[in-house]
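The values are calculated or read from the model by the stated rules, or taken from the named source; none is laboratory data. Values in this document were obtained by computation on a predicted structure and should not be read as measured data. Quick reminder, even Gly has a Cβ in these numbers, built from the backbone with ideal geometry, and neighbours come from all protein chains shown.
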Amino acid sequence: MSVILGIDIGGSTTKIVGLRGNGDPIAMRRVQAQDPITSLYGALGNFLFTNGLELGDVSRIALTGVGSSFVKGDIYGIPTEKVEEFTAVGVGGLALSGQDRAVVVSMGTGTAFIWAERGREVRHLCGSGVGGGTLAGLCSRLCGTRQYDQIVKLAAGGDVANIDLSVGDITQNAHPSLPLDITAANFGQVSDAATPGDFAAGVINMVLQSIGTTAVMACRAQNCDTVVLTGFMSTLPQAEDCFALFTRLHGIRFLIPQNATFATSIGAALCVSEHDRQEARP
């Protein structure tokens, strides 16, 4: 078996995916660790063991992500290539969503906004410091935890109305672009009785709305009506409803493809696979 591994070494987690020669995925794995090297080798060993693979089954390794800068040379003697992260995000986002052109958003520790068009150069449009790191940091203070699963559980029982000020709270006159149920001010109406669950819901809402607003501006700049959301933040239960509001307000489609968490690692592997196919052509 000839397998290409795509490994995305992020700020807090490493994602790994294995692709067969035809581009079909074998499996995907996500591992958390405090440093990138431990995370890389832990993810690699775990992936091989879980899927019954040997090192000899791996033909190429594609590395991407901020942590890849700490890795020097080939891994275990396997030809290892580094893929620029924004390129991997764009290629992976389009591949998973089936789109030919889109603003691809990587929702990780921070947030990156990428312009991707199939068969053409991928471009980094802009970035934001608001992302998963914001969620973890604020919830550590407001809710007593920075663990993703615990934050999601708390938010499920929370009420954002105890945190945010809505347009309907300050006026009875709706505007076509400002319906009464949308947020006027994040954390603009914090109740004295607000619970940790309310705060968790408020932080999630603020982070997702910030990302959605910037994505809309990016689409308008590119004359595009499609956003592809990737990264672990796209798995938040609140994401679908939050971004549906942006579709209603602005006519922009927000797509969350299956396996969105692994878009960057998939994109890296696809880049290397395509490079190999081009070199093999007569």
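Assorted remarks:
- The requirement of being surrounded by 14 or more Cβ atoms within 10 Å (Cβ to Cβ) and closer than 14 Å to Ala268 by Cβ is fulfilled somewhere in the stretch 27-36, by at least one residue.
- Annotation note: Cβ proximity below 7 Å between a residue of the stretch 197-218 that is closer than 19 Å to Ser106 by Cβ and in the same structural domain as Val104 (by TED's automatic domain parsing) and a residue that is among the polar types (S, T, N, Q) and crowded, with 24+ Cβ neighbours inside 10 Å (sequence gap 6+ or interchain) occurs for Ile211/Thr111.
- Residues that are within 17 Å of the chain's Cα centre (by Cα), within 30 Å of Val83 (Cβ to Cβ), assigned by TED's automatic domain parsing to the domain that holds Asp241 and assigned to a helix (DSSP H, G or I) do not occur anywhere in the stretch 101-111.
- Flag for Asp225 being closer than 17 Å to Val103 by Cβ, out of contact with any Phe, Trp or Tyr (no Cβ under 9 Å at 6 or more places or on another chain) and surrounded by fewer than 22 Cβ atoms within 10 Å (Cβ to Cβ): yes
- Residue ID - surrounded by the fewest Cβ atoms within 10 Å (Cβ to Cβ), chosen from residues in the stretch 110-163 that are among the acidic types (Asp, Glu) and closer than 26 Å to Leu270 by Cα: Glu121
- Filter pass, Ala185 being of a type outside the set (Val, Ile, Thr), in contact with a strand residue (DSSP E or B) (Cβ under 6 Å, 6 or more places away or on another chain), in contact (Cβ under 8 Å) with a residue 12 or more places away in the chain and crowded, with 19+ Cβ neighbours inside 10 Å: no
- Some residue of the stretch 252-267 being under 19 Å from Thr111 (Cβ atoms), free of Cβ contacts under 8 Å to residues at least 60 places away in the same chain, in contact with a Leu (Cβ under 7 Å, 6 or more places away or on another chain) and surrounded by 15 or more Cβ atoms within 10 Å (Cβ to Cβ): yes
- Residue count, the stretch 230-251 (criterion: more than 21 Å from Ile182 (Cα to Cα) and either at pLDDT 95 or above or assigned to a loop (DSSP other than H, G, I, E, B) (or both)): 2
- Evaluation of Ser177 against (1) within 25 Å of Val104 (Cα to Cα); (2) in contact (Cβ under 8 Å) with a residue 24 or more places away in the chain; (3) within 25 Å of the chain's Cα centre (by Cα); (4) surrounded by fewer than 17 Cβ atoms within 10 Å (Cβ to Cβ) (one fails), failing number: (3)
- Residues satisfying the stated conditions in the stretch 215-234, i.e. under 8 Å from the mean Cα position of the chain (by Cα) and among the small types (Gly, Ala, Ser): Gly231, Ser234
- Yes/no for Leu208 being hydrophobic (A, V, I, L, M, F, W, C) and exposed (fewer than 15 other Cβ atoms within 10 Å of the Cβ): no
- Single unsatisfied condition, Arg20 versus (1) at pLDDT 90 or above; (2) within 19 Å of Glu274 (Cβ to Cβ); (3) more than 20 Å from the chain's Cα centre (by Cα): (1)
- Filter result (under 30 Å from Tyr148 (Cα atoms), surrounded by fewer than 23 Cβ atoms within 10 Å (Cβ to Cβ) and either in contact with a Phe, Trp or Tyr (Cβ under 9 Å, 6 or more places away or on another chain) or of a type outside the set (D, E, K, R) (or both)) within the stretch 69-95: Ser69, Phe70, Val71, Thr87, Ala95
- Condition broken by Arg120, with the remaining ones in (1) farther than 17 Å from Gly10 by Cα; (2) among the basic types (Lys, Arg); (3) at pLDDT 95 or above satisfied: (3)
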